[in-house]
There are 2 protein chains.
Amino acid sequence: MIEYSSQPHYLVAVDCIVFGFDGAHLKILLVKRGLEPEINKWSLMGGFVGSNESPDDAANRVLKKMTGLEGVYLEQMQIYGEPKRDPIERTLSVGYFALIDIHKYETQLNDDYKAEWFLIGERPKLIFDHDQMVADARKKLRYKASLHPILFEMLPKQFTLPQLQNLFEEVNDTKIDTRNFSRKITSTGLLIKLEEKDRSSSKKGAFYFKLDKKKYKADFQAFLNLIPNLKN
Amino acid sequence: MIEYSSQPHYLVAVDCIVFGFDGAHLKILLVKRGLEPEINKWSLMGGFVGSNESPDDAANRVLKKMTGLEGVYLEQMQIYGEPKRDPIERTLSVGYFALIDIHKYETQLNDDYKAEWFLIGERPKLIFDHDQMVADARKKLRYKASLHPILFEMLPKQFTLPQLQNLFEEVNDTKIDTRNFSRKITSTGLLIKLEEKDRSSSKKGAFYFKLDKKKYKADFQAFLNLIPNLKN
DNA sequence: TTATTAATTGTCAAAATGACAATTAATAAT
DNA sequence: ATTATTAATTGTCATTTTGACAATTAATAA
């Protein structure tokens with residue numbers, strides 16, 4: 001029997017940076033850690049990779065278990081593998097960022113896990129290297145969202161242009177000219193204008209739009225350029 | 001003593017897809033595997049992650065050991081973690097792609113490892129999921145090189161515009177208009193024209209250029225757009 | 001002197017960009 | 001009923017960038 005004699009073995013985990021958008025601000029979903037060490041401290045949603053699953057499987061499983069959601073937009077970010085990152089035992093963690101529609105989550109809420117949305121700027125300090133993971137995820141989100149239309153994953157089925165622009169502004173931490181943004185986003189052909197208006201945020205009301213899903217899938221790899229003077 | 005009771009532990013490895021450019025064609029560096037199973041089959045350069053190193057450290061160590069080169073451009077790609085990907089024992093592998101100046105390597109060549117450059121289109125079949133890794137690496141290289149000036153990492157200190165254009169064409173598997181390419185690459189301000197000419201490939205000779213390293217470092221995150229009608 | 005070969009350079013119309021503020025649709029106030 | 005207020009929506013223009021196109025140049029070979 002062949003074997004890889006005496007090579008060290010490690011725990012392998014996944015951690016998910018879950019982003020959401022409430023219509024005005026970018027949020028992140030955190031949970032109170034359920035095991036020692038650092039039990040009851042805020043942390044990312046995570047778990048160990050089981051014997052019969054890939055890290056991608058594990059990330060999906062963790063998200064399903066903690067939020068009830070399936071088919072979430074999930075993207076592998078990078079591996080965190082400094083020898084001392086977990087004080088108990090060497091654990092390598094694969095970081096994922098997830099984009100979810102915050103409204104879907106609320107209806108699926110399950111109280112087995114103490115999960116809570118935080119404004120991205122008002123989140124508590126996290127355990128281990130999770131703060132670094134969040135910083136990396138924000139950077140990657142910004143990068144990716146500058147090039148591909150992934151931010152729609154955080155919006156409900158119907159959304160308004162001002163909401164969409166707010167989301168872009170939040171993610172990129174910048175202000176965008178309304179006229180130019182409107183022109184560009186319209187020219188992608190990704191949006192379908194609806195009859196109805198959202199009157200909750202203004203007297204005039206803002207027209208709802210929905211995503212052209214066929215176009216979205218076909219053009220996903222095409223590049224956007226919605227952020228002027230982009231320097232990542 | 002706290003511990004993560006009974007969670008499974010796995011081997012963790014790194015595998016490097018090493019790209020080079022001979023002035024005309026894109027190449028990949030492969031080695032004959034030195035351990036069972038699949039001993040003496042062609043594979044990527046890889047190794048296990050040791051107890052006191054991160055995966056990034058391990059990738060650098062492997063590259064140093066097998067090519068003699070340090071400070072190589074190395075980028076984490078993704079983790080490969082299907083439960084059955086290694087037939088002997090569960091092993092997760094972190095894939096890296098590396099860009100090296102093929103000429104530097106030749107002078108550093110060390111015969112302890114049977115390494116060989118292959119034209120990207122004429123490489124042998126590789127072990128395990130390494131063919132998939134190569135496919136993923138090519139895709140990522142193409143993507144990244146469309147946006148950032150990483151291809152200079154594969155060129156010698158002095159290079160000509162035709163060489164540079166060849167490299168872009170190889171990576172993107174497309175033809176680029178000489179005039180437009182020249183205009184764009186010049187407008188980045190990344191190139192410094194030298195006095196000397198390379199007369200090896202034509203009667204007229206082509207002027208050498210070198211990279212403006214200060215500008216390169218400063219603008220690395222800035223976006224290029226050298227490939228027209230880019231759809232990744 | 002001419003032929004050959006590859007490197008280098010220029011023009012132009014169309015599209016995209018960025019900077020800029022007026023108009024519109026609705027409700028609230030007078 | 002008219003006016004004020006608020007946020008949504010839309011338009012212009014000069015500049016830059018893009019993509020499509022081929023002529024010229026510098027060297028050696030014939």
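We did not get these values from a lab; they are worked out from the coordinates using the rules stated. Because the structure is predicted, anything quoted here is derived from the model rather than measured. Cβ atoms come from the backbone with ideal geometry, glycine included; neighbour counts cover every protein chain shown.
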Cross-link pairs beyond the 25 Å C-alpha cut-off, checked among A:LYS104/B:LYS144; A:LYS144/A:LYS210; B:LYS139/B:LYS184: A:LYS104/B:LYS144
On a straight-distance basis, which lysines could pair with B:LYS203 in a cross-link, Cα separation under 24 angstrom, same-chain partners fewer than 8 positions away excluded? B:LYS157, B:LYS175, B:LYS193
Give me the distance in nm between label points sitting 7 Å out from Cα along the Cα-to-Cβ direction at A:ALA24 and B:ARG199, one decimal. 7.3 nm
Rounded, prolate or oblate, given the Cα gyration tensor of the stretch A:11-147, with a/c below 1.5 counting as rounded? rounded
Please give the average number of partner chain Cβ atoms lying within 10 Å of the Cβ of each residue in A:73-86, rounded to a whole number. 4
So what J values fall out for the stretch B:204-215 if you push phi through Karplus, 6.51 cos²θ - 1.76 cosθ + 1.60 with θ = phi - 60°, rounded to Hz, Gly and Pro as x? 5, x, 10, 5, 7, 10, 10, 7, 7, 5, 4, 4
Among beta bridges that DSSP assigns inside chain A, antiparallel share in %, nearest 5: 75 percent
Projecting each Cα onto the charge dipole of the protein assembly as shown (Lys/Arg +1, Asp/Glu -1 at the beta carbon, about the Cα centre), which of A:GLY189, B:ASN40, B:ALA137 comes out farthest on the positive side? A:GLY189
Between B:GLU89 and B:ALA222, what length in nm is gained on full extension when 0.36 nm per residue of separation is reduced by their alpha carbon distance? 43.6 nm
Using a 10 angstrom cutoff on alpha carbons, build the Gaussian network for chain B and name the most mobile of B:ARG138, B:ARG123, B:ARG183. B:ARG183
What is the helix-to-structure angle for A:178-187, meaning the angle in degrees between its Cα long axis and the longest Cα principal axis of chain A, kept from 0 to 90 and rounded to the nearest 10? 80 degrees
The stretch B:1-59-the stretch B:112-181 distance, computed between alpha-carbon centres (Å): 20 Å
In a GNM of chain A with a 10 Å cut-off on Cα contacts, which of A:LEU151, A:LEU63, A:LEU194 has the highest mean-square fluctuation? A:LEU194
Percent relative contact order for chain A, counting Cα pairs under 8 Å at least six residues apart, stands at 21 percent
